[in-house]
Amino acid sequence: MTLRSPDADPPSLLGAALDGVAQAVVICDPAGGVVFENAAARRILSSRPSDALLAQAVDDLVVCALAGSTSERRVELLSPARRTLEVRAFPVASPPLGAVAVIDDISDRIRLEAVRRDFVANVSHELKTPTGALALLAETIEGETDPEVARRLVVRLGAEAERLSRTIDDLLDLSRIEANESPAVDEVDLSELLVAAVTPHREVAQSMGVQLAAPVVTDASVVVGNRRDLLSAVSNLVENAVKYSEPGGEVAVETARTQRGIEINVSDHGIGIPARDLSRIFERFYRVDRARSRTTGGTGLGLSIVRHVATNHGGRVKVRSVEGEGSTFSLILPDSRVGSDT
Ligand code: ADP
């Protein structure tokens, strides 16, 4: 069977079918002459100078394939955009009647692998710190004879265990939300949602001398979404607003219906966020001040959860913050009633 016999024009069914394949496919005769290139190969092996590297790799591997062996090579191209391509060539039949080279753009796969590796390294580090502290505290308590000191150490041990458990809970939440498998179809009553998000933080707010006002819901009363995830997102924003406030500070939770959609705004007059950190605070485990986050028991995952919930709902999250003055986080959700009278 040939892909394109010399007199067959337009190309054979097989050739046309290979044009639909995402990878570039090059087929060579026993002398190494190219008898077929699919559409992706014609695109990728065009005459740009950086592609000379790629053409060279294809030539080298085809020579190996015609000698009977299968081999592969990675080629890094720097222009027009940085890309990593994997070239693989293998003989057709034995002894070879020809060779096939397949070129795959693996840039996305490599990027995802790097993200995953970083994530595993970060998680391991985040879990190692509290488990190390637990082991050390347990060891110290064992040798402690003063009951009062032992009691204080037990309290610290409890706090470290609590932090560890919160990190694991947040990781589980984040992976569930990232998988985005739960349908976002609940009719969520905003007043009820905001009260449920605020109430668990009243005690901490009070103990810190922070005034946590009752949520104010105006204009919009219902959003369509996943109630559990929305609650988790708003609750994280309220928790941060309280945590990063100073004694005497005020935290407000309000809704507004704007052209952008339905906004849930959580504002505080706390420590604020330096401008240079604003673009990074939604990354997993990113904290502006590690020491402060550690004392407040932060996991560094709250805002990643908020961002994912916003994205899963077709919305986004926006932050306005001035260092030393305070912050306002806005969770903006699509307005399902746009166009209706209500
Ligand atoms: P954490 O568990 O450390 O609070 P988050 O992901 O919720 O983690 O937030 C990431 C970082 O963003 C925090 O460590 C903090 O430095 C900063 N941050 C978040 N919310 C606020 C806020 N309302 N005011 C000041 N800084 C904030």
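The values are calculated or read from the model by the stated rules, or taken from the named source; none is laboratory data. Worth saying up front: this structure is predicted, and the values here are computed from it rather than measured. Neighbour counts run over all protein chains shown; Cβ positions are idealised from the backbone, glycine included. Heads up: the accessible areas ignore ligands, DNA and RNA and are worked out on the full protein's heavy atoms, side chains in. Shrake-Rupley method; radii C 1.70, N 1.55, O 1.52, S 1.80 Å.
So here's what we get for this one:
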{"item": "Along the chain, longest interval not containing exposed trypsin sites (Lys or Arg not before Pro), exposed being DSSP loop plus at most 15 other Cβ atoms within 10 Å", "result": "83-259"}
{"item": "Counted charge near Q211, where neighbours are those whose Cβ lies closer than 14 Å (Asp, Glu -1; Lys, Arg +1)", "result": "-3"}
{"item": "H308 accessible area, assembled protein chains, probe 1.4 Å, Å²", "result": "40"}
{"item": "The chain - charge dipole about Cα centre, Lys and Arg +1 at Cβ, Asp and Glu -1, debye rounded to 20", "result": "540"}
{"item": "Accessible surface of D219 - all protein chains present, 1.4 Å probe, nearest 10 Å²", "result": "110"}
{"item": "Cα gyration tensor category, rounded, prolate or oblate, for the chain with a/c compared to 1.5", "result": "prolate"}
{"item": "Average accessible area per residue (Å²) across the chain - probe 1.4 Å, nucleic acids and ligands excluded", "result": "55"}
{"item": "Protein accessible area in the chain, 1.4 Å probe - carbon and sulfur %", "result": "55"}
{"item": "Stretch gain in nm, segment V149-V195, where the contour uses 0.36 nm per residue and the Cα spacing is subtracted", "result": "12.6 nm"}
